[in-house]
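First up is the structure itself, then whatever we jot down about it.
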Amino acid sequence: ADRAAFVESLKAMVPQLVGQAGVPELTDMVVPQVNTFLDDPKSIEVAVKPATPTTLLVLSAAAANPASLISALGLAITANQAAAE
């Protein structure tokens, strides 16, 4: 397959793969950024930056509700952003 066809097939698969986690917030966060990267692959960053230091106990409790885990971890995904200087 040529690159364009391959990229389109990946873009169709990503929502299904991420959606298997059953966390719509994660799908909403991941899919647009992955699509941006696939359209113009320059950079992609997955960052975990909790607002405050956290403990494994807090993260374990948050894991019971995966959407809250995203917030507790300060998860962010960005594609094709200029490097921070």
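At 1.4 Å probe size, with the rest of the protein present, what percent of the exposed accessible area of the chain is carbon and sulfur atoms?
Details: 3640 of 5840 Å².
C and S atoms contribute 62 percent here.
Let me check something: with ligands and nucleic acids excluded, how do VAL23, VAL48 order by accessible area (1.4 Å probe), largest to smallest?
If we order VAL23, VAL48 from most to least accessible, we get VAL48, VAL23.
Could you provide, to the nearest whole Å², the per residue accessible area of the chain with probe 1.4 Å?
The answer is 69 Å² per residue.
Using the charge dipole of the stretch 11-85 (Lys, Arg: +1 at Cβ; Asp, Glu: -1 at Cβ; taken about the Cα centre), state which of ALA63, LEU38, LEU73 has its Cα farthest towards the positive end.
ALA63
Determine how large the accessible area of LEU26 is when every protein chain is in place; take a 1.4 Å probe and give Å² rounded to the nearest 10.
Near enough 40 Å² of accessible area.
Could you give the length gained by full extension between VAL48 and LEU17, i.e. 0.36 nm per residue of separation minus their alpha carbon distance, to one decimal place?
On the way: separation 31, 0.36 × 31 = 11.16 nm, distance 2.08 nm.
Result for the pair: 9.1 nm of gain on full extension.
Using Cα-Cα distances under 8 Å and only pairs 6 or more residues apart, what relative contact order does the chain have, in percent?
RCO, the chain: 32 percent.
The values are calculated or read from the model by the stated rules, or taken from the named source; none is laboratory data. Quantities reported herein were computed from a predicted structural model and do not represent experimental measurements. Positions of Cβ are backbone-derived with ideal geometry, glycine not excepted, and every protein chain shown enters the neighbour counts. Calculation scope for accessible area: heavy atoms of the full protein, side chains included, ligands and nucleic acids excluded. Shrake-Rupley method; radii C 1.70, N 1.55, O 1.52, S 1.80 Å.
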